[in-house]
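I have placed the structure first, in the form of structure tokens, so that the comments after it can refer back to it.
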Amino acid sequence: MLEPAGPQAQLILQLWHVIAWTCTGVFAAILGVLAWVLWRAPRSREGDTADMASAERPEPGPRRSVGAAVVVSVLLLLALVVASVFTDRALARMSLVDAVNIEITGHQWWWSARYVNGPADATFTTANEVHIPVGRPVLMTLKAEDVIHSLWVPRLAGKKDLIPGRTASLQLRADEPGVYQGRCAEFCGLEHAFMGLLVVADPPAQYEAWVAAQRQGAVEPAGAQAVRGRELFQTQSCALCHAVQGTSAGGQHGPDLTHVAGRRELAAGTLPNTPAHLAAWISDPQKHKPGTNMPATPLSQDDLSALVAYLGTLK
Ligand code: CUA
């Protein structure tokens, strides 16, 4: 969040500077006063009788100092509230003209993303990797399927909770191309720490090409091994939870795999997306992400290779 890549994160960083420097100043002032008081406090020597008179003596000086400190504290806190309110209003002012609309849903422990721009048949769904066009506003609609999650992409925007039964929204814009890490920022169970999201900001032409590719159904697998892999996908338990558009696999419990081979990571940022990691993930998900809802799929080495070959064609 110290290297903002868009206007929303920039505003939050400004507020962060105001709060951090104010608090640092107050902390330094308090330590300074404390050091000064300790330095000039009267020292007693061994054998001195205790001076109890100070308990009765009026202390107009310290009383005034404490009063002034209270007034300064209240004014500083008010100033921080005002700064927060102005930041909030500035965040809400970002133009949403020509915005990309994405519905993000939090699941234990992954993200689904539905792109709802254009006509209904142009809608498509992906998971754990969200592409956005550089320079165009994005309006994310946030929902949760099971428990409360929170979406945080520090270089692009502040945190926003995803609450079951409610809809929230998050506006952001990326002004530089790049791959931005996102995290779930609200404890949501065992694998909360492995609930990552990538936001990939593409130059506009590249983004349009990505969208056009995502709208297509899965490609026909070429080669006998991949064809057998598809058959395994549909006859084993895979298709009960995962959808591959253009095939009979229509499960909705897990990530949509229509274009899984085009993603950078597996299992919401748990593993890099390579054939070896994919095979390891399919054979024993609990080893890599204990508690995940994906069951292990016991397959012979040949079958596993065929399945991984098929998934590798889903670009
Ligand atoms: Cu989802 Cu933490």
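In straight-distance terms, cross-link reach from Lys287 covers every one of the aspartates and glutamates whose alpha-carbon lies under 19 Å from its own, apart from those fewer than eight places away in the same chain; here that gives Glu191, Glu265.
Quick check on the exposure proxy: order Glu231, Glu3 from fewest to most C-beta atoms within 10 angstrom. Display every interim value, and only then the final one.
Working: Glu231 15, Glu3 9.
Listed from fewest to most nearby Cβ atoms, that is Glu3, Glu231.
Sequence-distant contacts, meaning Cα pairs under 8 Å at least 6 residues apart, place the relative contact order of the chain at 16 percent. Computed from the C-beta positions of Arg40 and Thr141, the FRET efficiency with R₀ = 41 Å rounds to 0.10. What number comes out for the charge environment of Gly262, summing +1 per Lys or Arg and -1 per Asp or Glu over other residues with Cβ under 11 Å away? Overall, the nearby charge balance is +2.
Per q in 0.11, 0.19 Å⁻¹, report the Debye log10 I(q)/I(0) for segment 224-311, using one uniform scatterer on each alpha carbon and no solvent. So the normalised log intensities work out to -0.26, -0.85. When you filter the trypsin sites (Lys or Arg not before Pro) in segment 20-113 for DSSP loop state and at most 12 other Cβ atoms inside 10 Å of their Cβ, you are left with Arg43, Arg45, Arg93. Each of Asp98, Asp202 was scored by other Cβ atoms within 10 Å of its Cβ. Listed from fewest to most, they are Asp98, Asp202. Note on Gln301 and Phe187: with the Förster distance fixed at 41 Å, the Cβ-Cβ geometry gives a FRET efficiency of about 0.60.
State whether segment 100-202 is rounded, prolate or oblate according to the following rule on the C-alpha gyration tensor (a ≥ b ≥ c being the square roots of its eigenvalues): a/c under 1.5 gives rounded; otherwise a/b larger than b/c gives prolate, and the remaining case gives oblate.
Numbers: a/c = 1.76, a/b = 1.27, b/c = 1.39.
Taking the square roots of the gyration eigenvalues as a ≥ b ≥ c, segment 100-202 is oblate.
If you take the Cα atoms of the chain, find Rg, then find the Kirkwood Rh from the mean of 1/r over all pairs, what is Rg/Rh? For the chain, the value is 1.21. Remark: Leu156, Leu75, Leu172, Leu304 ranked as Leu75, Leu304, Leu172, Leu156, counting other beta-carbon atoms within 10 Å and listing the fewest first. Return the FRET efficiency for the residue pair His17, Glu265: r is the Cβ-Cβ distance, R0 is 22 Å, and the value is rounded to the nearest 0.05. The pair His17/Glu265 has a calculated efficiency of 0.10.
For Glu129, the residues whose amide H sits under 5 Å from its own are Leu198, ignoring neighbours fewer than 5 places away on the same chain, with H placed 1.01 Å from N.
Only the coordinates and a few stated rules stand behind these numbers; no lab work does. Everything numeric here is computed off the predicted structure, so don't read it as measured data. Here Cβ is always computed from backbone atoms with ideal geometry, including for glycine, and neighbour counts include all displayed protein chains.
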